[in-house]
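One structure is given below, encoded as structure tokens.
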Amino acid sequence: MSDIRPRGRDGVAPPGWPSAVRPPGTEDWQESAVNWLREVLPPEYRRHEILRRHPELLARMAVQHVGAVLHAARWGYGEARADLPDVGDEQLGALLAAYQDVGGRAAALDREVRLVEQALRGERWNPRL
């Protein structure tokens, strides 16, 4: 099956690309991507040899993990009032703020890990004018 997507250029990072990862196609970019992805994931993921040998699989795990964190933050936020009817307004407000913070960070990280996964699978981007 042929890939009909435009390939773009090496060395171009799309908007939202993580600052700790070199642009795709540049020298040592995959190494920087793997190092960053390992930092994104909990330490227990480092035990699996398959994830050390295949960066695209490591990225897939990161996408799934970060997506689960984002889902949990959204779910927790949405259910907090119903699940905690006896919690005071001040405490509930602080909890909701925490969920917003975690969810916001997870949403940004979700975009970053998805871009890195796409790049590891060969996608490239063209510079924006």
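A few points about this structure:
- On the beta carbon distance between Ala107 and Glu31, with R0 = 22 Å, the FRET formula returns roughly 0.25.
- Ranked from largest, the principal axis spans of the Cα set of the chain equal 56, 41, 30 Å.
- Rounded to the nearest 20, the size of the Cβ-charge dipole of the chain about its Cα centre is 680 debye, with Lys and Arg at +1 and Asp and Glu at -1.
The numbers here are math on the coordinates, done by the rules we state, and not lab data. Values in this document were obtained by computation on a predicted structure and should not be read as measured data. No Cβ is skipped: glycine too gets one built from the backbone with ideal geometry, and neighbour counts run over all protein chains shown.
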